[in-house]
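The values are calculated or read from the model by the stated rules, or taken from the named source; none is laboratory data. Keep in mind that this is a model prediction, so the values were computed, not measured. Cβ coordinates were reconstructed from backbone atoms using ideal geometry, including for glycine residues, and neighbour counts include every protein chain displayed.
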Amino acid sequence: MDHFLYKGGVLHVEDVPIPEIAASVGTPFYVYSTATLTRHVRVFDEALEGMEHLICFAMKANSNLGVLATLARLGVGMDVVSGGELRRALFVGVPGERIVFSGVGKTREEMALALSAGIRQFNVESEPELEALSETAASMGATAPIAIRVNPDVDAKTHAKIATGKSENKFGIPISRARAVYARAAALPGIEVVGIDVHIGSQLTDLAPFETAFRMVADLTRALREDGHAIRRLDLGGGLGIPYERSNRAPPLPFDYGAVIRRTVGDLGCEIEIEPGRLICGNAGLLVSQAIYVKQGEGRNFLILDAAMNDLVRPSMYDAWHDIEPVLEPAPGAARAPIDVVGPVCETGDTFARARELPAIAPGDLVAFRSAGAYGAVMASEYNSRPLAPEVLVNGDRFEVVRPRPSYEDMLGRDRIPDWILPAEEAEDAAE
Ligand code: LLP
């Protein structure tokens, strides 16, 4: 079920026409669908039915409090990677026992915060981190439940910048060293071994690398149990890809991913944790922008939008494709022509699409970037002193701004001019 449909010739998010939101908040803006978020959680729950499991939303994909609160109310846990994300999870009322903490560079301060929140599990990524966690927990008289993230040296067959499961990547402990590191962990004060963690990459469109990695985790589970460790949880990470290009082959469904989990680790009696980010929120969000100019170049034409790479960096950072649709439905059979879709930022990398076949779009028209709910707003910046795009959450026929656009006063007010720089008038007086 798609909650982003044309109704009466106008693109809607659930029951709200996009031009209504644009008139209220201006452009560009992000908009998310509650019904889609909810459906994606259900789809994962169904895929894992019959296995004890917890979905920990990887909030790096979208950490807006409105989105997190929506997911928290569905009983979803959170995968956090910083003290900031941990605070967001706690703020929306996710209980500590549903929070897992991932990431290669946890500081002692972050560990202490997580220990006081009584989080479910630390996914430990290195031996120095293990020692630091032990010291921190012991000094607080606390015990840190841990899974060790193993690096299975599996090729996830995704974009190099988001592949994490090869030995040359910075993530996890080589699976060949796992038994030794688990033995060390078991001997350390303040540490309780509870499971194994693996995450091999993001936007995977093939299930085979998951299958290979999960089988290795299953073997490791048996080996560690023989060594006397009580492995009761398996955190299988996130990474299941989503369709970005509707005309293209669809990535595997969560149901099939669930089947891989069932047949690789389903017989171990472990509680399964998964950390999906993109699949929960990617196709639950759009970036809506307005056309400023259409420019005829030499041999190519440019559609210049009011959104730019600072709002949605994925095309320039990962050569990512996002479908672009006019908000007013083109007439059936309307002519399409190739056009470069760009933003106003002063670099050539500020290009959303090259030679994209689009129907005629005129200045003032609204367009929607699909699949922008994951790694969109969270990766935005104020480059070129462009205000962060606001975020809007739709629920049925209602919408609410869940993050307003900052004012220019807000933006300028965040900087400070040092005391040693005299105000202009005083500088002039001093020079005289
Ligand atoms: N768990 C861990 C430990 C992760 O590092 C990640 C993503 C996830 C879960 C969630 O993966 P997902 O289900 O969303 O694929 N900015 C990039 C994606 C970076 C992914 C980083 N780690 C992009 O826009 O494609």
Scan of region 164-199 for residues that are in a helix (DSSP H, G or I) and either crowded, with 21+ Cβ neighbours inside 10 Å or outside the structural domain of Glu125 (by TED's automatic domain parsing) (or both), ordered by number: Ile175, Ala178, Tyr182, Ala185
If we keep just the residues of region 291-305 that are within 13 Å of Thr27 (Cα to Cα) and buried (at least 19 other Cβ atoms within 10 Å of the Cβ), which is nearest to the ligand (Cβ to nearest atom)? Leu305
For region 200-282, give me every one of the helices (runs of 4 or more DSSP H) that falls completely inside it and has 2 or more residues that are farther than 30 Å from Glu391 by Cβ and away from the ligand (no atom under 16 Å from the Cβ). 208-226, 254-265
So, in region 318-352, exactly how many residues are touching a helix residue (DSSP H, G or I) at 6+ places or on another chain (Cβ under 7 Å) and within 16 Å of the ligand (Cβ to nearest atom)? 5
Can you name every residue in region 47-70 that is closer than 11 Å to Pro276 by Cβ and part of a helix (DSSP H, G or I)? Ala47
Is it true that some residue in region 64-78 is without any contact (Cβ under 8 Å) to a residue 24 or more places away in the chain and crowded, with 24+ Cβ neighbours inside 10 Å? yes
For region 152-163, give me the residue count where each residue is within 12 Å of the ligand (Cβ to nearest atom) and surrounded by fewer than 22 Cβ atoms within 10 Å (Cβ to Cβ). 5
Please state which one of Asp311, Asp267 is in contact with a helix residue (DSSP H, G or I) (Cβ under 9 Å, 6 or more places away or on another chain), under 27 Å from Gly241 (Cβ atoms), of a type in the set (D, E, K, R) and not assigned by TED's automatic domain parsing to the domain that holds Asp219. Asp311
Which one of these does Met51 not meet: (1) more than 16 Å from the ligand (Cβ to nearest atom); (2) closer than 19 Å to Glu85 by Cα? (2)
